[in-house]
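> Questions regarding the structure given below will be posed in turn.
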Amino acid sequence: MRVDADYCIIGGGIVGLAAALALTERESGAKIFLLEKEGELATHQTGHNSGVIHAGIYYPPGSLKARLCREGAQATKEFCAGHGVAFDVCGKLLVATTDTELARMDGLEERAKANDIPQQRLGRVQLNRLEPGVSGLGALLVPSTSIVDYRAVSRAIAKEVTSRACTIRRGVTVTSIREEDAGVRIGFGEESLRASKLLVCAGLQSDRLAKAAGLEIHHRIVPFRGEYYTLPQARSHIVKHLIYPIPDPDLPFLGVHLTRMIDGSITVGPNAVLGLSREGYAKGSINLGDVTDMLTFPGFWRTIKANLRSGLGELRGSLSKRHYLELCRKYYPSLTLADLGLPAAGIRAQAVLADGSLVHDFLFVQSQRMLHVCNAPSPAATSAIPIGKMIVERLLQ
């Protein structure tokens, strides 16, 4: 059976859903299909997200990331308020524990001011008053940082777009993509769909779908596991804010932190270790196809070589719970091994170029009728609504 449509979106994470939201606003009355291979929406990166609505303090003033993050934070809160999705403006503390980190905090403070993000510099005494259990020389308070359940946000977006006549199909694995003169034919099982234009927001599988569509790519998705622990319920009130370290500018990840979740729990983590399965969340998961993809890509070996020292440090925390605890106790010294309760992990789809460099910006592969979003940089969940508008604008050009 073949179905004809004006637009097809592949990928039911928050970026694909936000694109559907923007497309239904721009193209009222158009016939739109969204295909998701899992039985539920927001199953992978979105569903394993930390749940933070970031303020945008980390990004260079005037950059696209900074603008999208600020706009996204506001848009996410407004959408949640209008659709009955709970969120909590709990604030974030970036804690400096060394003189080096205090110096880095100066730069973050200036960046926050340049990005017009409200913040407050705290000394040791002020920090202790706000968070008695946190140890540090000082901190930067970003009061607008919030928390939310991005699966709940995704469900609300899905409900909104289906009310605008966008058809969402779950449990649909795309097996073929062929661009033709009259449109793009998407095959799945015994069915096919022909759309005038195709948008692919496939996250962890984005490079494979671009290749399946016959497009030339110069990158691969390398999965990085972010492993974390949930504190016992008895310790779920030890902090009122999100507690983050001052990030190291030489490292691509933010470091281990204490994160309040919208369900009332607190997680500790994550680290960032190489994953051996793109969609294997249990520790020790291995997918031979995913491993082969990495090992046969020259850029993988170059990025491993360039990041070997930091990678080994992250691996040590993965192998040793006691070492992981040391990272946590750096700014919350009363934590114990018993506090590192239920383990879990998320997986980040990191695009890596052939020269070994990590892609920290958007990466698109495009043809006349197709747009493949091959990398949507962090914080994509926070920025999803304006990102959706941006990529739909690009699709329609």
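> Within the stretch 325-349, how many residues are open to solvent by less than 40 Å² (accessible area, probe 1.4 Å) and more than 24 Å from the chain's Cα centre (by Cα)?
Residues flagged as open to solvent by less than 40 Å² (accessible area, probe 1.4 Å) and more than 24 Å from the chain's Cα centre (by Cα) within the stretch 325-349 amount to 5.
> Further question: Taking the residues in the stretch 377-397 that are within 13 Å of the chain's Cα centre (by Cα) and of a type in the set (Val, Ile, Thr) as candidates, determine which candidate is surrounded by the most Cβ atoms within 10 Å (Cβ to Cβ).
If we take residues in the stretch 377-397 being within 13 Å of the chain's Cα centre (by Cα) and of a type in the set (Val, Ile, Thr), then THR382 is surrounded by the most Cβ atoms within 10 Å (Cβ to Cβ).
> While we're looking at this one, here's another question. Mind checking whether some residue in the stretch 315-324 is in a loop (DSSP other than H, G, I, E, B) and surrounded by 15 or more Cβ atoms within 10 Å (Cβ to Cβ)?
No, the stretch 315-324 contains no residue that is in a loop (DSSP other than H, G, I, E, B) and surrounded by 15 or more Cβ atoms within 10 Å (Cβ to Cβ).
> Here is a list: ALA73, ALA55. Which entry is within 23 Å of the chain's Cα centre (by Cα), touching a residue at least 40 places away in the same chain (Cβ under 8 Å) and in a helix (DSSP H, G or I)?
Checking each option against the conditions leaves just ALA73.
> Pick from PRO232, PRO223: which is in contact with a helix residue (DSSP H, G or I) (Cβ under 7 Å, 6 or more places away or on another chain), surrounded by fewer than 17 Cβ atoms within 10 Å (Cβ to Cβ) and not acidic (Asp, Glu)? If you could, list the steps in order and put the result at the bottom.
Details: PRO223 fails: surrounded by fewer than 17 Cβ atoms within 10 Å (Cβ to Cβ).
Result: PRO232 is the single residue among PRO232, PRO223 that is in contact with a helix residue (DSSP H, G or I) (Cβ under 7 Å, 6 or more places away or on another chain), surrounded by fewer than 17 Cβ atoms within 10 Å (Cβ to Cβ) and not acidic (Asp, Glu).
> Then there is this: Find all pairs meeting these conditions: Cβ atoms under 6 angstrom apart; at least six residues apart or on different chains; first residue within the stretch 146-161 and outside any helix (DSSP H, G or I); second residue at pLDDT below 95 and open to solvent by 10 Å² or more (accessible area, probe 1.4 Å).
Filtered contacts from the stretch 146-161: no entries.
> Quick check on my filter: what residues within the stretch 200-209 are buried (at least 24 other Cβ atoms within 10 Å of the Cβ) and within 17 Å of ALA42 (Cα to Cα)?
Residues of the stretch 200-209 that are buried (at least 24 other Cβ atoms within 10 Å of the Cβ), as a first pass: 200-203, 206-207.
VAL200, CYS201, ALA202, GLY203, SER206, listed by residue number.
> Here's a follow-up. Run down LEU41, LEU21, LEU35 and say which single residue is among the aliphatic types (A, V, I, L, M) and either more than 23 Å from CYS374 (Cα to Cα) or part of a helix (DSSP H, G or I) (or both). Show your work before the answer.
On the way: LEU41 fails: either more than 23 Å from CYS374 (Cα to Cα) or part of a helix (DSSP H, G or I) (or both); LEU35 fails: either more than 23 Å from CYS374 (Cα to Cα) or part of a helix (DSSP H, G or I) (or both).
Within the list LEU41, LEU21, LEU35, the selection yields LEU21.
> Are any residues in the stretch 89-98 open to solvent by 40 Å² or more (accessible area, probe 1.4 Å) and under 16 Å from LEU127 (Cα atoms), and if so, which ones? Outline the logic, then answer.
Pass one, the stretch 89-98, residues open to solvent by 40 Å² or more (accessible area, probe 1.4 Å): 89, 98.
Listed by number, the list holds a single entry, THR98.
The values are calculated or read from the model by the stated rules, or taken from the named source; none is laboratory data. Note that the structure is predicted; figures quoted are calculated from it, not measured. In this analysis, Cβ positions are derived from the backbone assuming ideal geometry, glycine residues included, and neighbour counts consider all displayed protein chains. Please note that ligands, DNA and RNA were not included when accessible areas were found on the heavy atoms of the full protein model with its side chains. Shrake-Rupley method; radii C 1.70, N 1.55, O 1.52, S 1.80 Å.
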